[in-house]
Structure formats: C-alpha cells, structure tokens
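Heads up: the structure comes next, in structure tokens.
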Amino acid sequence: MDLQVSKFDPSVDTAPKLVTISGIEWYQNMTVLEAIQFAHETTPVAFDYSCHGRACGRCAVMLDGTPVLACVTPITNATHTIEPLAGQTVIRDLIVDKSQAHAALSAKYQRVKNPAVNLSSDSVIASTYNTSGITQLSAIEWCTRCMMCTAACPVYKADPSSYVGPADMLAIAYRFYDNYDAGNRVAEAVQAGLWNCIMCGQCDYVCPQKEIHRVTQIWTDLRTATGGTK
Amino acid sequence: MSKEKDERESSKTSLPRRGFLKGSGFAMGTAIIGSAALAGCGHSSTSPTSTSGGSTGTGTGTTSATNYKVVNADILYIGGGIGALTGIREAVKNGRKVTVLDKGPFRAGGASGMNWDVEYVSFGLPTDAAGDVNWFPFEYEDPTLEVPGSVTNKQLGLNAVNSDPNISISQDYVNNGGECFPRRNADGSLKYIDNYPYPYSVIQVEGGFPRHGQDELIKSSLVTVYDRTMVTNVVVNNGVCVGVTALHLPTGQFTVYTANAVILTSGGCCWFRGWETVAAHSMNSPDNTADVEMALYRQGVQIGDSEFGAFDFISCTPSGISYSFNAGLGGDGGNYKYFLDANGKAFLTDPAAGYDLARFELDRVYFQTVVAEYMANNPSALGPHGGIYVDTTNPAMVALMRQCYSRNIELWQDKFDIDPTKTMIEVNFEMYEHGGTPVVDNNLMTSIPGLFCSRGAGVFGEGGGTCQYVNARMGSYALRSALKYLTTAAVPSTINYSTAVTEFSRLSEILTRTSGGLRPHVVRQEIQKAAGAAFNPYRTAAGLQAAATELARIRTQDLPKQVCTDKSAIYNTEWKMAIENYNLINIAELSIQASLQRLESRGFFRPDYPTLDDTNWHCMLVGQQVGGQMTFTKKTLPNISWSTTPPSSADKIAKARQISRSGLPR
C-alpha cells in the first residue's frame, strides 16, 4: 500500500508537500493511525495521538479529503492521501494547532451559574434534574473536541464568520441543556449562526460519537427554542 | 494549506517497515540519515534522496543550549489534569498565581484529555466498632483482601483527608468543575453506586468528564497554561528546587521556568509496558513517560512503588484499537463467569480449580493472578494474540459492562465488521496505572525542598499508581503543603542556570547526534517489548531476569546509538521520543528490578514467593541511583491501625456513606 502524506516544516518550507511512502504491508482492519505509524517507521512523519480510542481527538486528519479520526478508522488496501485536519493551522506535517479553537470552545463550555441554584449543596445536585435534555447532554459529553465536524462543515468553510461551526454550537447546546446554567444560550446560538447552518448533516456523518445527533435533535431543539426568531 | 499546491514526488525508497536498519536495508537507511545530517547544516533541497521530498525534517530551528528563555512563575504545576485541578482552584482562592505546564495540548493531554466517562468516587469512610468514622479510605489490615493500603503512607493519607475541603463529589465536580452528572434515574435523581460491602463505604457516580473542570479552571486570570511544553528536568540551586527546564514542542524553544514552589501532578507512566502497533499494552497516554520522575532519579532522588502497577483486561485485537479504553471492550473480576479460554472453557468457575469466587470481585490482584497463572500454565488454551476470551455474546455480560465499553459494540460493528454480540472477544492484560514516583514526606514534599509530588511514593502503594479520587485529593493536599512551605521558605534572589544549560546541551545532543543508526521508535519498541514480556500480574523470576538483562543491553548498547532522522526543531516527535526513551529505560529497569527485589507476593504474584510476607516486606521498596548504580533499600512507613470489626449497626454504615456524599461539617 502506498500513502501520500503531507509533509511540512515551516522552518524550511513555504508550503506543505505530498510525499509518497510505499511498501506499507496492509492487513484487514488496519487503521489510518497504524498506516501513519508504519509510514513513520519508514521515513519520519510528525503526527500526534494519545488515547488510540476516539477520546482525545488528537489524531484527526484528512483521509482522501474527508476528516477522520485516524485511530478508529480502518483503511482500505489502496493508495490514500493523508493530510492535516482542515480548518486549523498546520504546525508540522500532520500536526495542527487547535489552541485557539479549543480556547473558544472552553469559553462557550464555561457555565454561567444560576444564582437560584445552590451547587454547593449535595442534596440539590442529587435531587431531581430536568430530564428533558438529559439524553442530549449525555450525548454531547462524548464530544472529544477533535474539530472534525467543523472541518467537514460546508458553511464554516465557505464563511467562518457566518457560523461558529458544529463543535462550537455543541458547546452552546451543552449549556442550553444544562439545568444549572443561566446563560441565554438561545441568543448565543442564534448569534453564533444557528440559522446559517444548512442542516446538511456532514457533521453527524464524520463524527465518531454516534450518540450525538446534531441535525435531527440538537440543532432542531435550539431552533425550536428560538420560537422561529432568526 | 490548499490542495492546489500539492507537489507529488514519488519515492523509490520502498523500505520494508521493520527491516529499515537491518541486513540489506542498512545501506539505504544510512543514506537517508546521511542526507538528513547534511540537511541539518542548513537549507537543503538537493539531498541525494530528494525522492523523499524536501520537507522530511530538514529544518533545524534553534537547538543551541544557551539560547533559552526564562519565565518566572509563582506556583508551577507540571501537568494540568486531574491531579492539578483541585489544587489549582485552592491556589487561586489563596490569591496565588499559577503557571501550568502541560506536555500535551491542554484539555486533550493525559487522562483528563481523554474525556473518558470517569467514575468519580467519594472515598469510603470505614467506621470502627463504635461507629465513629475513620478517615483513611480503604484502610484495614486484612491480608486476604487486595486493596491499596498495606504499604501506603497512612499518615500522609490522614493528613490529606483531614484538611481536605473537597470531600463531597458534588462540591468539587459540579460546583467548581462545571459538570452535570447526566447519568440520572428516570426521576432526575443522581445515580449513586454505593452497595459495596464493609469496609468499602464508597460512593461512586458515573458520567464524569473532567475536561469541564479544565474549562472552568482557565476562567481565572491567575492561571496561565503553557501547553505542548515538555518538562525535562528540575533545576536545583543549593539543594532547593528553583524551577524546571522545558522544551516547547511546537517551536523547539528551550525554556527555564523558575518558581517559588513546583508541584508535580503528571500522570502515571504505563507506556514502557508492551507494544502492539500504535499502543503499548496500556490505555494510558503516551504523554506519560515519567520524564520528571526519571530526571529526578538520575539526580539521585529516591523512587518508590516501581514494582506496582494496576491492571485489567481489555481487547487486544484489532491491533489498531487494542488496549484502548474508549474503543475497546473489557472485563474484570465482576465478570468472572464470562471469561473463557480458547477452547470455550469457563475456567474460573471450574469446580475442580476451587477458586474463591466471591473474592474475584473485591480482590483484583487475586483475580488477575488466578487468570494469569491459568494463562501461563495453559498456553494451548490461549487465543491467537496470546489472550483469553470474554463472552460478549452473552447479553448478561454486556449488561454488566460500563457504558464506556458497551458503546463500543456499535463501533466495532460499524467500522471493523466485527460483531461482539456474535463473536467472543480476545482480551489480555492492560496496565492503566503505575507507581515509580519520588519518595515524599508526610506532606507530599520530595527530598528536594520546594518540589512536591501529588503521586509520591506511598500514596497508593501496592494498588499501583493512583486512581482519580486519590489523585484529586492528593493534588489538593500538595497545594496546601506548598502554601505552608512558602510561609517560611527563602526564595533565592538569583538563580544559577548552569545545570539548565547542561540539560539543554544534553537535549541538543540527542537531536544532533549522527552516529549509531537506530531510530528512536526502534529503541522504544525494544524497551516496551522487553518490559512487557515480564511486567504482568504474574511474574516469574526467569521472566524478570530476562527482561532485566535485555533492558540493560538496550541502555548500554542501543540507547547510545539512537539517532533522530528528523533533525528539525519544529514539533519533532522523533526527537521527543528519543528524549523520552532515556526516561522509559530508567522506569522500565526500576520496575523490573524492584519486582525482583521484593521477595513476596504483594500487589502482584510471584510463584517463587507465593505468599505475603509482612515480617520482612511490610515496607516500601526504594530505588536510588548511587555511584551510577541502581540500588534498593527498604523504607518503613508510618503505621496507623484501627479495628477491623464491622460497625455495630447498618445505620452507622449509612451515616458514613452520607458523610461521603455530602462532606464533613466544617
């Protein structure tokens, strides 16, 4: 199997180049991450991963133009192109810099505490919790912030100023469902471009956490909550 | 970057993956290294093997040992995960500035960065016969039960618990950590797991996702995080810790962080044990390579608990997702009925074997020892990857699984065309935690004043590493100890950077070295395979000795021949691996040698010393480099004991559990 791997060292290169690495022995259920590792064992490729199990998000790359989480994505026995994740700055080869993206996510995930709810009381936390959004809340917990959904989003690609992208909208949605949050998350979602999403579902398609239903559930819940106001 | 600018160059160097530097591949390998070395002198787009492209690490960046930045910090944390979160919150409440160095991308590094559905624990509070609560969790003297405690520093534990403002799960994770605990009953009440028998009055809550705590942490302007920053050594002036040396991975920039107090809260190193294709035989992070711990070891600091690791069973195939927590399927003592060998035999419930079935669920080491012994004695009953099987075709087994595992059934069906509900899965031992940390006093301070370690030796003892709630509690205590230290510590007015320059020279040499020919991943996998063959719940003397011999060979012969093909300073993961190998070899050797030294079975099983020997071994085993040699000594631990008589009534247990839930009145 041959891989075309993007190589880029900003200290000497002005732009990334694709380099062909040949002779990788393929086997059934080999993952993209394994292929990258074997390529690296032939000639250096800088890449990043940690959990090897769809939890940390660090191994997200473009496989033949589609975002994939390399660690849980099998690769077929054919020539493939592996490039760094779209939408983020490339630091080196397949490694991108998500620090700005993650800082923006943190800002949205930070809770605006509801002053009427005493979260220092164990009995308050243990007691009834509005379960209407529980399924979605549980689902969004699995988001690993890999930024693949945003990489796949055609609206974000066309104009990132018009829409924060699915990963950021999930963060807003998380606090929308959170009983203990008092922020106006509906207004925030609209401002973030909720109505500019074209509901194409590319985000759901590339996301490796199948519990998360953006288009059919989460974006729909947010839109319903606006009462139709754009 | 845009696809339009692709320039495709084909490579004629079809090197076999493993044969890179062996036999007939050697000449080719040399040529590539030669070209990289040439390129290391400056720009080069005319290397003889330009078929590999001009950007195969030809940059050099800044690797001069004297070209370093200095950043001044107040309280410096090494590691920004679970061990740091509680402590940093307390530091901020005390108006201290906190600087956090994280080796990985912040919020995606180490354990917290795995976003992994933690089962948070409010620790158990065993009560004495009078029903009064004893504060040290899991503490009792019954040698027939494996629970962390028999070689832990109990005074340290008591000190931490008695001053901990965060006993309640809710306080810490929901109020301060931004979490929701979305695993609720139908009526919205929180699902507690609290049905363990005495002496476990443990409360557990599922659905913990610690990234939220990291989000909340950086709200404060007193907290600054420098991530993708690898700490490589500790700077000591006149015997006092004054800071650390670090490498900023994205740029290759050397930095000295000076600090009034340094708190080491990095994760346990499991990455020395075993190797598949992309993973060690561990679900822990490749970030955790005991960098600072082993730098301290090389400075002569005592390291304890190296022989102890925490294990469980996880799927070992397909290789790409083997030994993975969030993509794998596993089993443990509570699933003993569903463990089968390759012949389909439920060997654990075999009446002829006479195992203590009730003990399987509570005594993890006993369970693992039994299984490991069976595997060692029945090699023909093992699967193609050397493992045994968990019967996931049985819905009862699936029902017992935690959600973080059972959700992977769909992943396997969709992506890997394997249906675990129709095929049993092959599992093998996975090590998720490990000891091997600096010895600390009863306040978590190491032998170097000003340097604290939340996972210091004695914190978890034979439990092998630390678990989440102990890490959180000790991280918090480390901060309180540091604050106390700072009330009287004299911080030096000038810093001598000579040892930092020496350290940066060492790191530069690892990058620029040209002779030897062994790429870092080759040396890495040698270490992992050698240690992994022996470091299991069941350790034979012969296996340990073979590992010790091979590790010594790697250290003396192969590590000096390690050469980075990639000479760039820009996010050079090969250089990073090369640096880490110096730490992995140390911790691997400490782990194997300490196992050989401990002549009993405690925390793991040795067939040549099959029983617990409290007379001779109720102690910590400490490894220390003396005169360039690894030496071991025994260290007695403060002993605090109390009655193991169960409390007189069920309501006293309930009282203890209630306190576990809601915290002490303070």
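Is the shape of the range B:442-568 best called rounded, prolate or oblate, per the rule: a/c under 1.5 gives rounded, else a/b larger than b/c gives prolate, else oblate, with a ≥ b ≥ c the square roots of the Cα gyration tensor eigenvalues? List each step's numbers first, then the result.
Values: a/c = 2.92, a/b = 1.29, b/c = 2.26.
Oblate, because a/c is 1.5 or more while a/b does not exceed b/c.
Which whole-number percent gives the relative contact order of the range B:229-369, counting Cα pairs below 8 Å spaced six or more residues apart? Write down the numbers at each step before the final one.
On the way: 187 pairs, mean separation 19.7, N = 141.
About 14 percent, as a whole number.
Please state the charge dipole magnitude for the range B:462-538, taken about the Cα centre, from unit charges on C-beta atoms (+1 on K and R, -1 on D and E), reported in debye and rounded to the nearest 20. Walk me through the numbers on the way to the answer.
Numbers: 8 positive and 4 negative charges, 28 e Å.
Result for the range B:462-538 is approximately 140 debye, rounded to the nearest 20.
Net charge within 9 Å of B:Gly330 by Cβ-Cβ distance, Lys/Arg positive one each and Asp/Glu negative one each, not counting B:Gly330 itself?
Values: positive: B:Arg402; negative: B:Asp312, B:Asp332, B:Glu430.
With Lys, Arg at +1 and Asp, Glu at -1, the net is -2.
Please go through the range B:253-355 and write out the trypsin sites (Lys or Arg not before Pro) that DSSP classes as loop and that have at most 10 other C-beta atoms within 10 Å. Walk me through the numbers before you get to the answer.
Values: sites: B:Arg273, B:Arg298, B:Lys337, B:Lys345; in loops: B:Arg273, B:Lys345.
Nothing satisfies the criteria.
If you keep only loop residues by DSSP, which trypsin sites (Lys or Arg not before Pro) in the range A:144-211 have at most 16 other Cβ atoms within 10 Å of their Cβ?
Working: sites: A:Arg145, A:Lys157, A:Arg175, A:Arg185, A:Lys210; in loops: A:Arg145, A:Lys210.
Answer in residue order: A:Lys210.
If you rank A:Trp26, A:Trp142 by fewest surrounding Cβ atoms within 10 Å, what's the result? Intermediate values should be presented prior to the final figure.
Values: A:Trp26 13, A:Trp142 22.
Starting with the residue having the fewest Cβ neighbours, the order is A:Trp26, A:Trp142.
Over the whole of A:131-140, what's the average partner chain Cβ count within 10 Å per residue? Rounded to a whole number, please.
On the way: counts 7, 1, 2, 6, 1, 1, 6, 8, 1, 3.
Per residue, the average neighbour count from other chains is 4.
May I ask you to sort B:Glu293, B:Glu462 by Cβ crowding, counting other Cβ atoms within 10 Å and putting the fewest first?
Least to most surrounded, the residues fall as B:Glu462, B:Glu293.
For chain A, set up a GNM with springs between Cα atoms under 10 Å and report which of A:Val206, A:Val12, A:Val215 has the largest fluctuation.
Result for chain A, Cα springs under 10 Å: A:Val12 fluctuates most.
Please report how far the C-alpha centroid of the range B:471-490 lies from that of the range A:1-22, rounded to the nearest whole angstrom.
47
Once you keep just the Cα pairs under 8 angstrom separated by 6 or more residues, what percentage relative contact order results for the range A:65-111? Could the numbers behind the result be given before it?
Working: 23 pairs, mean separation 10.7, N = 47.
Contact order relative to length: 23 percent.
Where the only charges are on Cβ atoms (+1 Lys, Arg; -1 Asp, Glu), what is the dipole of chain A about its Cα centre, to the nearest 20 debye?
That gives chain A a dipole magnitude of about 700 debye.
Excluding B:Tyr432 itself, what net charge comes from residues whose Cβ is under 12 Å from its Cβ, given Lys and Arg +1 and Asp and Glu -1?
Numbers: positive: B:Arg273, B:Arg364; negative: B:Asp312, B:Asp332, B:Glu430, B:Glu433.
Neighbour charge sum, excluding B:Tyr432 itself: -2.
Of the listed pairs A:Lys7/B:Lys69; A:Lys108/B:Lys219; A:Lys7/B:Lys567, which have alpha-carbon separations greater than 19 Å here? Working shown, then result.
Details: A:Lys7/B:Lys69 29 Å; A:Lys108/B:Lys219 11 Å; A:Lys7/B:Lys567 14 Å.
Too far apart for the 19 Å limit: A:Lys7/B:Lys69.
Hand me the GluC sites (Glu not before Pro) from the range A:1-86 located in a DSSP loop with no more than 13 other Cβ atoms within 10 Å, in residue order please.
Working: sites: A:Glu25, A:Glu34, A:Glu41; in loops: A:Glu25.
Taking the range A:1-86 and a limit of 13 other Cβ atoms within 10 Å, the loop GluC sites (Glu not before Pro) found are A:Glu25.
Helix-only estimate, please: 222 nm mean residue ellipticity of the protein assembly as shown, summing -39500 (n - 2.57) across DSSP H runs of length 4 or more and dividing by its residues, to the nearest 500. Intermediate results must be reported in sequence, preceding the final value.
Values: 27 runs with 270 residues, N = 896.
The per-residue figure over the protein assembly as shown is -9000 deg cm²/dmol.
Full-extension gain between B:Glu361 and B:His385, please, as 0.36 nm times their residue separation minus the C-alpha to C-alpha distance. Working shown, then result.
Working: separation 24, 0.36 × 24 = 8.64 nm, distance 2.57 nm.
Going from the current span to full extension adds 6.1 nm.
Rule-based calculations on the coordinates, nothing more; no lab input. Keep in mind that this is a model prediction, so the values were computed, not measured. Positions of Cβ are backbone-derived with ideal geometry, glycine not excepted, and every protein chain shown enters the neighbour counts.
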